[in-house]
1. Can you tell me which residues in region B:138-163 are modelled with pLDDT of 95 or more and surrounded by 19 or more Cβ atoms within 10 Å (Cβ to Cβ)?
2. Which condition number in (1) at pLDDT below 95; (2) touching a Pro at 6+ places or on another chain (Cβ under 7 Å) is the one that residue B:181 fails?
3. So which residues in region A:28-64 are away from chain C (no Cβ under 14 Å), surrounded by fewer than 21 Cβ atoms within 10 Å (Cβ to Cβ) and over 14 Å from the mean Cα position of the chain (by Cα)?
4. Sort out which residues of region C:95-129 are away from chain B (no Cβ under 13 Å) and under 14 Å from residue C:150 (Cβ atoms), and write them in order of number.
5. Which members of region A:1-53 meet the condition of being assigned to a helix (DSSP H, G or I) and aromatic (Phe, Trp, Tyr)?
6. Give the residues of region A:92-119 that are of a type outside the set (Gly, Ala, Ser), in contact with a strand residue (DSSP E or B) (Cβ under 7 Å, 6 or more places away or on another chain) and surrounded by fewer than 18 Cβ atoms within 10 Å (Cβ to Cβ), sorted by residue number.
7. Of the residues C:59, C:33, which single one is aliphatic (A, V, I, L, M) and farther than 24 Å from residue B:2 by Cβ?
Amino acid sequence: MPRVVTLTTDFGSGSGYVAELKGLLLHAKTPFALADISHDVPPHDIRAAAWLVGQSCSAFPSGTLHIVVVDPGVGTERGLVWARLGTAESHQDFLCPDNGVLTLAVQRLPLIAARRLAIPADAAATFHGRDVLAPLAVRLVDGLTPESLGSPIEELATFHWPSHQETPTGIRGEVISIDAFGNLVTNLPASFLPRLAATGRLRVGPHEITTIVRTYGEAAKGTAVALVGSQGFIEAAVVEGRADERLSARIGTPVAIQTPA
Amino acid sequence: MPRVVTLTTDFGSGSGYVAELKGLLLHAKTPFALADISHDVPPHDIRAAAWLVGQSCSAFPSGTLHIVVVDPGVGTERGLVWARLGTAESHQDFLCPDNGVLTLAVQRLPLIAARRLAIPADAAATFHGRDVLAPLAVRLVDGLTPESLGSPIEELATFHWPSHQETPTGIRGEVISIDAFGNLVTNLPASFLPRLAATGRLRVGPHEITTIVRTYGEAAKGTAVALVGSQGFIEAAVVEGRADERLSARIGTPVAIQTPA
Amino acid sequence: MPRVVTLTTDFGSGSGYVAELKGLLLHAKTPFALADISHDVPPHDIRAAAWLVGQSCSAFPSGTLHIVVVDPGVGTERGLVWARLGTAESHQDFLCPDNGVLTLAVQRLPLIAARRLAIPADAAATFHGRDVLAPLAVRLVDGLTPESLGSPIEELATFHWPSHQETPTGIRGEVISIDAFGNLVTNLPASFLPRLAATGRLRVGPHEITTIVRTYGEAAKGTAVALVGSQGFIEAAVVEGRADERLSARIGTPVAIQTPA
């Protein structure tokens with residue numbers, strides 16, 4: 001395959017803003033594969049974008065260029081960056097605002113290099129994705145070396161990413177993502193499965209799930225279950241139903257594996 | 001064009017699960033064209049996926065590889081399959097769970113060959129699309145022969161697909177799909193058009209449509225009409241309106257062309 | 001990059017109709033890049049399609065072929081057209097119904113040539129996109145010259161596109177598009193910014209916006225602001241909120257910059 005370029009935005013599927021981005025990117029002379037990751041990030045939701053990018057970027061071939069335009073601060077003093085994360089053997093490149101959208105990615109893949117991009121005077125103050133990032137992506141696809149992209153920076157802006165905590169009464173965490181099935185992805189790593197199995201219950205807000213399974217289809221339809229999800233975290237689900245609705249949960253709802261008394 | 005690979009899932013547009021699938025697929029060394037069919041199949045809805053795949057797969061070039069991940073039974077004893085449907089001259093290939101998603105496709109295109117895939121021990125029990133199907137797709141794109149894919153099977157799992165029935169009082173069927181316009185696609189084949197025209201009415205649940213047209217725009221805006229739709233079935237529609245709402249219809253609502261008394 | 005072909009429809013994301021279009025297009029022998037612009041144009045909404053196409057088509061490389069299937073009059077006497085807009089150096093090509101979907105595009109890019117397409121007798125009366133446009137697109141991608149496409153026509157069907165008006169009491173316009181953020185794009189060109197700044201207020205329906213900014217992030221979250229948007233028009237927005245809801249505005253809501261008394 002030729003080089004891959006991905007797009008992640010909060011513009012909405014079918015938005016003309018996405019069309020403008022694609023149109024400009026396709027001016028590259030060198031063939032590349034353009035892959036939509038999402039245009040349905042909730043508007044202005046940097047945290048959701050950070051989860052999505054962090055979750056999926058490593059799946060792409062080394063050298064993939066990820067363009068992320070979730071940018072409520074467009075045109076203000078927040079910077080725009082090019083960044084390379086990973087290792088010498090396998091790395092992912094990014095063009096995005098320096099507003100925390102790489103918070104999770106940079107936890108998982110070491111920062112190799114980053115540069116703060118210059119913003120041309122004639123860029124529309126409201127659409128740097130189109131007027132700054134897309135033209136630079138074209139030049140990178142066509143062979144520009146990242147070293148010519150602006151001044152190097154030592155670190156990327158990040159925000160606090162909630163992690164689980166060990167307490168005397170148990171392990172506490174929270175819901176960090178809800179997928180299209182209504183499954184609740186928590187920030188309790190899969191390594192806690194033995195403790196979950198020993199205790200036999202996962203607390204989600206005021207609710208308690210007492211069916212621990214290996215996969216969704218192991219319990220009857222409608223059962224609330226806890227399991228290790230595909231992201232490597234403990235997940236709460238309802239078999240062929242929606243855990244978010246059944247358990248009245250949302251991003252940030254506390255979860256816990258209690259220490260047996 | 002290079003070979004085509006399509007994706008059909010119930011993960012939701014913009015889902016990180018789709019991004020992971022795409023990222024892995026794009027590791028193929030051989031260039032291919034990746035086409036999204038849908039990521040908006042209703043969650044766990046094997047019947048909707050079967051309709052979508054059956055309706056559209058034949059439109060693709062021979063040799064297209066369709067990856068279908070609508071898989072409520074992931075990680076249970078249901079199998080995963082590679083299948084080839086069609087003829088020696090023109091065939092469509094599939095990688096999917098053996099759960100009925102090919103029910104309609106295999107009614108329309110003869111089964112040429114199928115193989116049950118081995119599931120590696122380290123595959124996440126909740127995401128075989130990512131851990132089994134995507135890597136196999138890459139190998140197939142890069143030249144692996146299907147014969148090395150596991151043991152051959154004689155038939156695919158299918159479920160009962162409702163067909164129309166001739167009765168003394170008329171032809172009875174049901175709504176099998178509702179499109180984004182709210183048009184009701186029935187399972188009454190286009191060949192019944194003369195009888196529909198002779199009777200002059202299509203019954204949809206408790207309602208009767210008495211305007212038979214050749215295309216939507218032949219009646220005034222807001223008129224409920226019956227016509228032969230593009231899928232080769234009789235369809236109920238409301239001109240520039242929504243038949244599903246007007247006629248309170250949904251998948252499974254009975255339809256009939258009554259025999260003149 | 002190889003030639004680009006785009007798709008714009010009102011079929012809905014994940015529709016089988018889109019899959020059929022893509023499958024047929026991918027029969028071209030010559031490699032091309034297929035880009036989805038939108039499948040979420042509101043059903044039958046020619047005006048919305050005209051805005052989307054007019055807004056985004058110029059971003060694509062010269063020679064891009066845009067297929068637009070928003071076609072409530074399919075199968076009636078409305079024609080189908082091939083059209084080329086732009087200049088000798090840089091042009092965009094279109095295959096679409098001649099129903100006004102190019103109204104805005106042809107205001108912005110001069111018509112170079114257009115041809116009315118013949119409709120084969122065996123085309124389904126309800127899906128000319130699949131049965132007429134897609135096969136022609138394949139032939140065009142594979143080298144067919146547009147001159148063989150049917151008889152030339154002198155102009156395209158267009159509808160009245162609302163423009164702003166100068167009145168003794170000020171400049172009057174209306175909301176012409178609402179994006180996924182709820183931002184209200186008006187038909188007041190950016191050139192009125194000095195007058196907006198001088199007056200210090202933008203009227204939107206019964207509401208008055210008194211904060212004029214350069215970009216969204218320049219005012220506190222929740223503030224209603226007026227600014228020049230990325231499309232070159234004056235826009236009303238609510239910082240990290242939804243202007244359409246706050247101001248109860250929709251397409252057609254009047255806007256005005258009043259002349260200082």
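1. Hits for region B:138-163 are B:138, B:140, B:141, B:156.
2. All conditions are met except number (1).
3. If the condition is that a residue be away from chain C (no Cβ under 14 Å), surrounded by fewer than 21 Cβ atoms within 10 Å (Cβ to Cβ) and over 14 Å from the mean Cα position of the chain (by Cα), then A:61, A:62, A:63 are the ones that fit.
4. Hits for region C:95-129 are C:95, C:96, C:98, C:113, C:114, C:115, C:116, C:117, C:118, C:120.
5. Those that are assigned to a helix (DSSP H, G or I) and aromatic (Phe, Trp, Tyr): A:17, A:51.
6. Of everything in region A:92-119, those that are of a type outside the set (Gly, Ala, Ser), in contact with a strand residue (DSSP E or B) (Cβ under 7 Å, 6 or more places away or on another chain) and surrounded by fewer than 18 Cβ atoms within 10 Å (Cβ to Cβ) turn out to be A:110, A:111, A:112, A:116, A:119.
7. Of the residues listed, the single one that is aliphatic (A, V, I, L, M) and farther than 24 Å from residue B:2 by Cβ is C:59.
Rundown of residues vs (1) within 23 Å of the chain's Cα centre (by Cα); (2) surrounded by fewer than 23 Cβ atoms within 10 Å (Cβ to Cβ); (3) under 12 Å from residue B:182 (Cβ atoms); (4) of a type outside the set (Val, Ile, Thr), yes/no style:
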site	(1), (2), (3), (4)
B:209	no, no, no, no
B:219	no, yes, no, yes
B:229	yes, no, no, yes
B:232	yes, yes, no, yes
B:237	yes, no, yes, yes
B:246	no, yes, yes, yes
B:254	yes, yes, no, yes
B:257	no, no, no, no
B:260	no, yes, no, yes
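The values are calculated or read from the model by the stated rules, or taken from the named source; none is laboratory data. What you see is a predicted model, and the numbers here were worked out from it, not measured in a lab. Virtual Cβ from ideal backbone geometry, glycine too; neighbours counted across all protein chains shown.
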